[in-house]
Each structure stands twice: as structure tokens, then as C-alpha cells.
Amino acid sequence: MELNERVGRRLRQLREERGLSLSALARQSGTGKATLSELEAGRRNPTLETLYALTTALGIALSAVLTDEDGTPHGSPGPGLPLSAVLTPGAARAGISGEAVTAVLTERFEDADAVTDVFRIRIRAGARQESAAHIPGTEEHLMVLAGTAVVGDPAAPQTAGPGAHASWSADRAHLYSAPHGDVEAVLFVRYRLAAPTPS
């Protein structure tokens, strides 16, 4: 099954578990109803921007739609394949791409307080991507492997080169850019889980 079909199936399942109609989720996420319908049917390739809009409206981590029910990442390489196999040109469909970033989910970790998604990412040379706010309490931490990334708060971006890292609040708009060439990095996205309501 192709990545877009797996993502569509999970998206529909998560929407239905929450008792939301197609129209309600489209409205809450600012996504066109036809676009959402095509995504759920596996007939449209999802973008990072669209998936973040939908998962934020659902109040869940991005990894929830990028994993099977057993937690296996859809975009991870097969047994024995290095991550570079899914991040090389021509193999990008194994990951999810946005305006500047291609991301491959490598791990999802969940405890009582938070869900942490770990992505291997590439920020494309000369590109800039502004990501909308994620669910409240979300933080991002980027460890740069190669290249120089400009990331974080658009009003006060951070620059990080090889071996350096940057952190920012991702529950407000934030950016990714690679002004001087491709950036290879590992991105940790930590979503705080809502505290249970007292009964």
C-alpha cells in the first residue's frame, strides 16, 4: 500500500474515532472538503502543511497519521535500508514534503506527559517554509547534521550549523529555511498531552 493510502486510511480512522464529519474537520482545519475527501481516499499526496492543519484540528501529534495502529511509521525505510534511501532525490515520496522540508518519521515515543516525534529531515537549499501553530504546548528541537539552518520564531530566527541545535515553541508560527544549501537534520517535536480533567 502506498504512503498516501496509509495516511488517508489513518486520517479517516482518527476523524471517525472523534465523531467528526468530513465537513466538520475540513472547517476546523481550514482544509477544503474536497481536498480532505481525496486525502482520506488515498488519491492525493499529503503535504506537511495540510497534515499539520488536520492533526492540529484533531488535537493529535503528526505521527498519529504517519503510523499504523501498531505504531510502525509509514515512511520508514524497509529492513536494512538506510534513511538516506528515503531522502535522496527521486525517493522523496517515502517521506512527507512541504514547501521547504522533507520529513521521514523515524520514531514515535509516548509517555504519560507527552508524545515525541523524531524526524529525519532535509531543508531544501534556498527554500523557506512557515509552519502554522501546532497544538498548545508543542516544542521543537533541531539538531543539525550538515548545512546551516535558519529556524524558529520568524521575528527572531535562530541559526544553527553542523553539530549545533536550536529549540523553539511550536504552538505559534515558526519557520524553516536553508539559505546557503541543503540542511540535513534530526527534528524532535514534543507535544504535551492534556492533563486529565478531574471528575
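Loop-located trypsin sites (Lys or Arg not before Pro) in region 9-44 (DSSP state not H, G, I, E or B) with no more than 14 neighbouring Cβ atoms inside 10 Å: Arg18, Arg43. Mean sequence separation of contacting Cα pairs (under 8 Å, at least six apart), scaled by the length of region 141-199, corresponds to a relative contact order of 42 percent.
The phi torsions of region 2-13, fed into the Karplus equation with coefficients 6.51, -1.76 and 1.60 and a -60° offset, translate into couplings of 5, 4, 5, 5, 5, 4, x, 4, 5, 4, 4, 4 Hz, rounded to whole numbers, with Gly and Pro shown as x.
Accessible area ranking (1.4 Å probe, heavy atoms, ligands and nucleic acids excluded), largest first, for Thr106, Thr31: Thr106, Thr31. Computed from backbone phi, the HN-Hα couplings of region 146-153 come to 8, x, 10, 9, 10, 9, x, 4 Hz, rounded to whole numbers (Karplus: 6.51 cos²θ - 1.76 cosθ + 1.60, θ = phi - 60°; Gly and Pro given as x). Rolling a 1.4 Å probe across all protein chains gives His180 an accessible area of roughly 150 Å².
Would you mind getting the accessible area per residue of region 1-47, heavy atoms of the protein chains only, 1.4 Å probe, in Å²?
Numbers: 2580 Å² over 47 residues.
Averaged over the residues of region 1-47, the accessible area is 55 Å².
Of the residues Ser63, Ser169, the one with the largest accessible area comes first in the ranking Ser169, Ser63, computed with a 1.4 Å probe on protein heavy atoms. Rolled with a 1.4 Å probe across the full set of protein chains, the surface gives Thr35 an accessible area near 40 Å².
Could you give the accessible area per residue of region 97-199, probe 1.4 Å, as a whole number in Å²?
Details: 4900 Å² over 103 residues.
For region 97-199, the solvent-accessible area averages 48 Å² per residue.
The candidates Tyr52, Tyr191, arranged from most to least accessible area with a 1.4 Å probe in the full protein assembly, appear as Tyr52, Tyr191.
Remark: region 15-32, residue by residue, has Karplus-estimated 3J(HN,Hα) of 5, 5, 4, 8, x, 9, 6, 4, 4, 5, 5, 4, 5, 5, 8, x, 9, x Hz, where x stands for each Gly or Pro and the curve is 6.51 cos²θ - 1.76 cosθ + 1.60 at θ = phi - 60°.
Taking all protein chains together and rolling a 1.4 Å probe, Glu130 ends up with roughly 90 Å² accessible.
The values are calculated or read from the model by the stated rules, or taken from the named source; none is laboratory data. Remember, predicted model here, so these are calculated numbers, not experimental data. Positions of Cβ are generated from backbone atoms using ideal geometry, with glycine treated the same way; all protein chains shown enter the neighbour counts. Protein only, heavy atoms only, side chains kept; ligands, DNA and RNA dropped before computing areas. Shrake-Rupley method; radii C 1.70, N 1.55, O 1.52, S 1.80 Å.
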